[in-house]
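Every number in this text was worked out from the coordinates using simple rules, so none of it is lab data. Everything numeric in this text was worked out from a predicted model, so none of it was measured. Neighbour counts run over all protein chains shown; Cβ positions are idealised from the backbone, glycine included.
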Amino acid sequence: MLAGTGPLALVQIDAHIDTWDNYFGGKYFHGTPFRRAVEEGLIDPRRMIQVGIRGPLYGSEDFEFHDQHGIEVARIETVKEQGTAWVAERFARLRGGPVYCSFDIDAVDPAFAPGTGTPEVGGLTSYEALVLVRALVGQSLVGADIVEVSPPYDGPGQQAALAAANVAYELLSLRAATQG
């Protein structure tokens with residue numbers, strides 16, 4: 001948490017919820033970080049939006065934490081049916097406070113970004129990913145990450161690396177635009 005800011009809003013663009021209580025028996029694993037961050041008061045769950053979620057779910061209880069804490073989920077079906085402009089409208093409610101963006105490359109369909117250890121078909125196109133990141137313009141973006149890019153799994157054209165580099169560029173541009 002940044003000094004004097006209080007809990008952050010979070011935009012998580014990802015195929016997986018990453019809010020499980022335990023993942024393969026561990027409380028601190030790549031499937032649990034956002035639950036821990038909510039529990040520790042680092043993220044305000046009522047100002048958290050997960051976008052592009054698909055991937056395996058392990059039971060009906062997977063979304064109980066979301067329901068209890070007010071976390072908004074825009075599953076990939078909704079993103080595809082409603083469009084990126086609808087998602088951008090959802091981001092508008094985060095204005096007025098610090099926002100962190102976590103971008104997992106597995107949010108992008110493996111046809112466009114195969115270089116990840118957790119590919120999930122039916123994801124965002126590269127274009128949709130960039131549009132969603134650009135939709136954060138005007139937010140008080142205080143930080144971001146791009147995770148799970150794995151060059152050994154990438155295609156000969158290095159599609160995932162290229163997509164991640166473009167997302168990084170867009171995030172840095174947003175930060176620069178916010179700073180004036």
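Taking N as the number of residues in region 134-180, what value does Rg over Cα atoms divided by 2.2 N^0.38 Å take? Don't jump to the answer; show the numbers that get you there.
Details: Rg = 12.8 Å, N = 47, 2.2 N^0.38 = 9.5 Å.
This ratio for region 134-180 stands at 1.34.
Among 43, 115, 138, whose Cα lies farthest out toward the positive end of the dipole of the chain, if unit charges sit on the beta carbon of Lys, Arg (+1) and Asp, Glu (-1)?
Value: 138.
Let me check against my output: what whole-number percent is the relative contact order of the chain, with C-alpha pairs under 8 Å and at least 6 apart? Intermediate results must be reported in sequence, preceding the final value.
Working: 337 pairs, mean separation 38.4, N = 180.
Normalised by residue count, the contact order of the chain is 21 percent.
Can you give the longest stretch of the chain with no exposed loop site, where a site means chymotrypsin sites (Phe, Trp or Tyr not before Pro) in a DSSP loop (not H, G, I, E or B) with at most 13 other C-beta atoms within 10 Å?
Numbers: sites that count: 24, 28, 58.
Answer from the scan: 59-180.
Based on DSSP H runs of at least 4 residues, each adding -39500 (n - 2.57), what is the mean residue ellipticity at 222 nm of the chain after dividing by all its residues, to the nearest 500 deg cm²/dmol?
Values: 6 runs with 58 residues, N = 180.
It comes out at -9500 deg cm²/dmol, rounded to the nearest 500.
Given a Förster distance of 30 angstrom, what is the FRET efficiency for residue 134 paired with residue 30, based on the Cβ-Cβ distance and rounded to 0.05? Walk me through the intermediate numbers first.
Numbers: r = 26 Å, r/R0 = 0.88.
For R0 = 30 Å, the calculated efficiency reads 0.70.
Taking trypsin sites (Lys or Arg not before Pro) as candidate sites, keep only those in a DSSP loop with at most 15 other Cβ atoms within 10 Å, then name the longest stretch of the chain containing none of them. Working shown, then result.
Numbers: sites that count: 27, 95.
For trypsin sites (Lys or Arg not before Pro) (loop position, at most 15 other Cβ atoms within 10 Å), the longest site-free span of the chain is 96-180.
Taking θ as phi - 60°, what are the ³J(HN,Hα) couplings along region 121-133 by the Karplus curve (6.51, -1.76, 1.60), each to the nearest whole Hz, with x for Gly and Pro?
5, x, x, 5, 7, 4, 4, 4, 4, 5, 4, 5, 5
Arrange the following residues from fewest to most other Cβ atoms within 10 Å of their Cβ: 14, 154. All intermediate terms of the calculation are to be shown ahead of the outcome.
Values: 14 25, 154 20.
The fewest-first ordering by Cβ neighbours comes to 154, 14.
Assign unit charges at the C-beta atoms only (+1 for Lys and Arg, -1 for Asp and Glu), then state the dipole size of the chain relative to its Cα centre in Debye, rounded to the nearest 20.
Working: 13 positive and 23 negative charges, 125 e Å.
Charge dipole, the chain, about its Cα centre: 600 debye, nearest 20.
What does the charge count around residue 65 come to, taking other residues whose C-beta lies under 9 Å from its C-beta (Lys +1, Arg +1, Asp -1, Glu -1)?
Working: positive: 35; negative: 21, 61, 62, 64, 67.
Residues close to residue 65 contribute a combined charge of -4.
What area, in nm² and to one decimal, does the C-alpha convex hull of the chain cast on average over all directions?
10.2
Taking only Cα atoms and a 10 Å spring cutoff, compute GNM fluctuations for the chain and point out the largest among 45, 114, 56.
Among 45, 114, 56, the largest mean-square fluctuation in the Gaussian network model of the chain belongs to 56.
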